[in-house]
Amino acid sequence: MKSLWNEKEAARCQDDLALRVYTSRLIGGDPALVLHGGGNTSVKAQAVNLFGEKEEILYVKGSGWDLATIEAPGFAPVRLGTLKRMAELETLSDSDMVKNQRAAMIDPSAPSPSVEAILHAIIPFRFVDHTHADAVVTLTNTRDGLARAQKAFGKRVLVLPYLMPGFVLARQIRQETRDVNWPSLEGIVLLNHGIFTFADDARTSYERMVELVTRAEEALAAQGAFSPRPQELSPSGPQTPMRGEDLLALARMRKAVSTCAKVPQLARINRSEKTIEYTLRPDLRDFCFKGTLTPDHVISTKPQPMLAEENPAGCVEAYAAEYQAYFERNADGGQVMLDPAPRWAVWPGKGTVAFGPNGGRLRVIEDINRHTVCGSQWSQKLGGWEPLSEKDLFALEYWELEQAKLKRSAGAPEFEGKVALVTGAASGIGRMCAQELRNRGASVCALDINPEIRSIFKGDGFFPLVCDVTSVDALNEAVARTVETFGGLDILVTNAGAFPSGREIDQIGSEDWKKGIEINLSSHQYLMKAAIPFLREGIDPAIIVIASKNVPAPGPGAGLYSAAKAGLTQLARVAALELGPKGVRVNVVHPNAVFDTAIWTDSVLKDRAEKYGLTVDEYKRNNVMKTEVTSKDVARMVCAMAGPVFGRTTGAQVPVDGGNDRVI
Ligand SMILES: [Zn+2]
């Protein structure tokens with residue numbers, strides 16, 4: 001690897017803390033060094049306190065910050081003297097360590113210091129960098145890791161056996177380095193864990209990291225063990241779309257994992273060529289389930305993936321039973337078992353699958369997977385992948401400080417982990433439904449024939465697709481791509497339609513009639529047909545049909561629209577009867593007078609209002625409650641129908657119209 005130090009950028013840094021931010025970001029930005037919040041860095045500097053006295057401070061990475069994006073406030077300022085004295089103690093519990101580290105901060109509003117703060121404090125250099133570099137951990141996750149590391153790094157690097165991070169590790173390093181000539185050292189390698197480098201200036205400490213990691217990479221390369229690289233496992237270029245049975249198996253796997261985790265999970269498959277090669281290795285079972293690349297990955301991925309075979313539900317059950325046994329083998333009575341669901345699966349011949357409640361978690365798990373899949377194969381080439389023991393991984397997975405990190409995550413939104421598909425999503429009610437479902441945590445496939453759909457729904461958790469809902473093939477494809485993207489389908493909002501201009505029955509041409517029926521009635525059956533096999537594998541699945549007030553209260557001039565929507569409502573009623581026993585709910589919304597949609601331009605509104613002798617405002621509120629009805633009101637009803645409020649209701653037709661005297 002190469003140093004990314006840039007003299008110009010470094011010159012802009014005003015002080016040591018700014019330089020600390022700069023090189024921390026260089027480290028954090030390289031996934032070969034750290035992933036998602038892994039690793040930590042520090043700088044020792046002086047601060048002037050309230051009384052004008054200078055104090056020696058360790059600015060160490062704060063909990064919850066990521067080195068890739070860290071800023072100055074991300075470094076916890078802890079009194080160096082206190083940390084050094086803590087290192088002299090014979091014993092110190094982890095909770096006392098955390099409490100006293102916090103108490104020693106000069107700013108109580110700063111984030112909690114890294115659990116490695118004491119270790120950073122006792123290394124007598126101003127800058128300390130710590131990473132979990134792939135090449136370094138891979139070299140040491142082998143049977144003869146100690147010898148390999150000593151050979152690769154030479155005498156200027158201290159190689160130490162694995163110890164649990166925190167106080168125990170800091171104390172061990174203090175003892176091991178008591179008589180060491182620090183200036184003769186460039187770094188410390190912790191077997192099965194990572195590497196520290198240090199120096200009195202930011203550049204040297206960072207470049208020592210680059211140099212030592214490069215030595216590890218060269219040691220791997222010399223044995224032909226530095227391939228494939230994690231970036232080669234990212235799916236690139238067009239792939240053949242997943243089909244039929246594979247999609248259903250993916251949806252079933254996701255449902256079984258969600259049931260086991262007791263919260264809905266998304267599932268995303270990685271089908272890159274190198275990933276599939278890995279899943280087909282004849283020796284896969286000999287090494288793939290042994291452990292993680294570096295200990296803190298266990299928090300995100302558990303000690304091992306699930307092996308996905310024929311029967312997904314059975315595989316999840318078997319995984320959960322094995323996890324329970326692992327817990328019972330290692331727990332000392334003080335821990336509460338986490339949910340036993342797998343965080344990723346190896347699906348031979350198909351790929352790897354990550355499970356997580358949202359896109360952010362999925363990305364973390366996927367990134368760790370790719371690095372683990374590579375690192376474990378590199379170690380195999382060095383004579384065998386031997387990561388940390390089950391006992392050590394358990395100690396970390398159930399370490400109170402790591403468990404605390406999980407608990408800090410805020411309450412999940414209502415539909416987190418659920419997957420919705422909304423048609424006619426480029427405008428009006430459909431657009432608002434897609435937005436509202438996403439706001440409440442669902443991952444949403446937004447369909448529309450209007451290509452603008454792509455720019456309307458671009459962000460995380462959206463999957464916009466241009467689709468003509470009158471095409472059976474296009475709908476089948478849209479449903480398949482939704483399942484492939486998010487792992488399943490739970491909420492179907494069948495909304496797309498067209499409101500033809502008012503014409504009396506004897507004025508409607510036969511082609512217009514056919515077209516109107518096709519879009520407002522037939523397309524909904526096509527969509528249901530495509531979606532039902534997947535909804536049956538969904539989590540509390542629901543179909544919500546957007547019909548119209550015209551069903552219970554038709555008006556002259558709307559024969560085509562009213563007949564189609566009445567047919568659609570009847571279709572929904574039959575669907576409720578057919579799908580209820582299969583666990584899928586079907587409910588209908590009858591909106592009326594929703595004017596914030598594309599068809600109701602200001603001039604159309606004005607014309608209509610004038611026709612009834614009303615002002616535009618009176619026309620908008622022309623209902624029993626004298627209130628305006630918006631797309632958002634309809635979207636809220638759709639969300640209610642998708643959620644637990646309607647959990648025991650199917651076949652219902654609910655108006656959202658401000659009250660209509662012909663309907664009431
Ligand atoms: Zn570490």
- Do we have residue 575 as under 32 Å from the mean Cα position of the chain (by Cα) and closer than 18 Å to residue 545 by Cβ here? no
- Task: For residue 296, indicate whether it is within 16 Å of the ligand (Cβ to nearest atom) and of a type in the set (D, E, K, R).
- Result: yes
- Query: Do you know which residues across the range 294-309 are on the phi < 0 side of the Ramachandran plot and either in contact (Cβ under 8 Å) with a residue 60 or more places away in the chain or not aliphatic (A, V, I, L, M) (or both)?
  - Reply: 294, 295, 296, 297, 298, 299, 300, 301, 303, 304, 305, 309
- Any strands (runs of 3 or more DSSP E) falling wholly within the range 155-215 and containing at least 1 residues that are within 16 Å of the ligand (Cβ to nearest atom), closer than 21 Å to residue 21 by Cα and of a type in the set (A, V, I, L, M): 194-199
- Item | Residue check for residue 181: assigned by TED's automatic domain parsing to the domain that holds residue 16 and either in contact with a Gly (Cβ under 9 Å, 6 or more places away or on another chain) or more than 22 Å from residue 400 (Cβ to Cβ) (or both) | yes
- Task: State whether the residues of the range 41-53 include one that is in contact with a helix residue (DSSP H, G or I) (Cβ under 7 Å, 6 or more places away or on another chain), at pLDDT below 95 and within 16 Å of the ligand (Cβ to nearest atom).
- Result: no
- Item | Residues that are charged (D, E, K, R) and either in a helix (DSSP H, G or I) or farther than 24 Å from residue 214 by Cβ (or both), drawn from the range 1-26 | 7, 8, 9, 12, 15, 16, 20, 25
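Every residue, every condition in (1) in contact (Cβ under 8 Å) with a residue 40 or more places away in the chain; (2) in contact with a strand residue (DSSP E or B) (Cβ under 7 Å, 6 or more places away or on another chain), yes or no:
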{"position": "145", "(1), (2)": "yes, no"}
{"position": "153", "(1), (2)": "yes, yes"}
{"position": "169", "(1), (2)": "yes, no"}
{"position": "185", "(1), (2)": "no, yes"}
- Item | Subset of the range 520-570 (residues that are among the charged types (D, E, K, R) and on the phi > 0 side of the Ramachandran plot) | 540
- Message: Quick check on my filter: what residues within the range 222-258 are hydroxyl-bearing (Ser, Thr, Tyr) and either free of Cβ contacts under 8 Å to residues at least 40 places away in the same chain or not in a helix (DSSP H, G or I) (or both)?
- Response: 227, 234, 236, 240
- Task: Search the range 631-645 for residues that are among the basic types (Lys, Arg) and pair each with any residue that is modelled with pLDDT of 95 or more and in a helix (DSSP H, G or I) when their beta-carbon atoms are under 8 Å apart and the residues are at least 6 apart or on different chains.
- Result: 632/432; 632/436; 636/436
- Identify the single condition in (1) surrounded by fewer than 21 Cβ atoms within 10 Å (Cβ to Cβ); (2) within 16 Å of the ligand (Cβ to nearest atom); (3) modelled with pLDDT of 95 or more that residue 36 does not satisfy, given that it satisfies every other one. (3)
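The values are calculated or read from the model by the stated rules, or taken from the named source; none is laboratory data. Owing to the predicted nature of the structure, the values given are computational and were not obtained by experimental measurement. As a convention, Cβ positions derive from the backbone with ideal geometry for all residues, glycine included, and neighbour counts pool all protein chains shown.
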